Amino acid sequence: MSSNELILAMGAAYRGAMDLFKEVIPRKEKQSTLALAILIHVEKKPGISQGELGKMLRRDAMTMSQAIRGLQDLGLIFSQPDEEDRRMKRLTVTKKGKGLGLNLEEAENKFMTGLSREWGKSRVNQFAKDLSEFNEYLNRSRNYFNGN
């Protein structure tokens, strides 16, 4: 497999997985893939900073601000200044957002149950480990290419 094929396959797999999660969301609550990723990460790490989340999701500050503002406008996420550094914003999921988060968590559990049934737990665990290591490699590569 060429590097282009690998990158295209990873992108398609990510979009496909997120599309599955979108299907469990009521039509009036439909969100972009980025918005869902933000909601999932904030649910799992309440109080995460907008900057930390942007690094995790590999998105620039402007894109993150727009997506988070949209989630705030819908009442799904709450943002407040950090107590020590008022320039930094800390994110938490609202009660309404938690309801949507439960739908996402249910979809995630269904997905993982089906994948484990088809692949087996050890293969799923190895795949998760490989993806995590790949993500770490991407972080190191970014530093390398940026001359750090």
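FYI, it's all coordinate maths here, none of it is from the lab. It should be emphasised that the depicted structure is a prediction, and the values quoted were computed from it without experimental measurement. A quick note on method: Cβ atoms are made from the backbone with ideal geometry, for glycine too, and the neighbour counts reach across all protein chains shown.
If packing is taken as the average count of other Cβ atoms within 10 Å, what order do 75-85, 125-135 fall into, highest mean first? Present the calculation step by step, with values, prior to reporting the outcome.
On the way: 75-85: 13.6, 125-135: 11.2.
Those peptides, ordered most packed to least, come out 75-85, 125-135.
First measure r as the distance between the Cβ atoms of Glu108 and Asn139, then evaluate 1/(1 + (r/R0)^6) with R0 = 25 Å and state the FRET efficiency to the nearest 0.05.
Details: r = 24 Å, r/R0 = 0.96.
In this case the efficiency is close to 0.55.
Would you please classify the overall shape of the range 1-80 from the alpha carbon gyration tensor, given that a ≥ b ≥ c denote the square roots of the eigenvalues, rounded means a/c under 1.5, and beyond that prolate means a/b larger than b/c while oblate covers the rest? Let's see the in-between values first.
On the way: a/c = 2.37, a/b = 1.42, b/c = 1.66.
Because a/c hits 1.5 or more and a/b fails to exceed b/c, the range 1-80 counts as oblate.
Relative contact order of the chain, please, whole-number percent, based on alpha carbon pairs below 8 angstrom and at least 6 residues apart.
That works out to 21 percent.
Normalised by the residues of the range 33-114, what does the relative contact order come to in percent, with Cα pairs under 8 Å and at least six apart?
Details: 83 pairs, mean separation 27.0, N = 82.
About 33 percent, as a whole number.
Let's see if you can work this out: charge +1 on each Lys and Arg Cβ, -1 on each Asp and Glu Cβ, no other charges. What is the dipole magnitude of the chain about its Cα centre, in debye to the nearest 20? Intermediate results must be reported in sequence, preceding the final value.
Details: 25 positive and 19 negative charges, 53 e Å.
Charge dipole of the chain: 260 debye, to the nearest 20.
At a 10 Å Cβ-Cβ cut-off, how would you order Met88, Met1, fewest neighbours first?
Met1, Met88
Give the long-range amide H neighbours of Phe78: residues separated by 5 or more places, or on another chain, with amide H under 5 Å away, using H modelled in the peptide plane at 1.01 Å from N.
When sequence neighbours closer than 5 places are left aside, the close amide H contacts are Thr92, Val93, Thr94.
Is the C-alpha gyration tensor of the chain telling us rounded, prolate or oblate? Criteria: a/c under 1.5 is rounded; beyond that, a/b larger than b/c is prolate, otherwise oblate. Walk me through the numbers before you get to the answer.
Numbers: a/c = 1.91, a/b = 1.16, b/c = 1.64.
Oblate, because a/c is 1.5 or more while a/b does not exceed b/c.
Helix by helix, which DSSP H runs in the chain go 24 Å or more along their axis at the Cα atoms and have an average Kyte-Doolittle hydropathy of -0.5 or more? Spell out each step's value before the answer.
Working: long enough: 3-22 (28 Å, 0.40); 95-119 (35 Å, -0.94); 121-145 (35 Å, -1.29).
Those that clear 24 Å and a mean of -0.5 are 3-22.
Which of the three applies to the range 81-148, rounded, prolate or oblate, going by the alpha-carbon gyration tensor with a ≥ b ≥ c and a/c under 1.5 meaning rounded? Before the final figure, lay out each step's value.
On the way: a/c = 4.17, a/b = 1.12, b/c = 3.72.
Oblate, because a/c is 1.5 or more while a/b does not exceed b/c.
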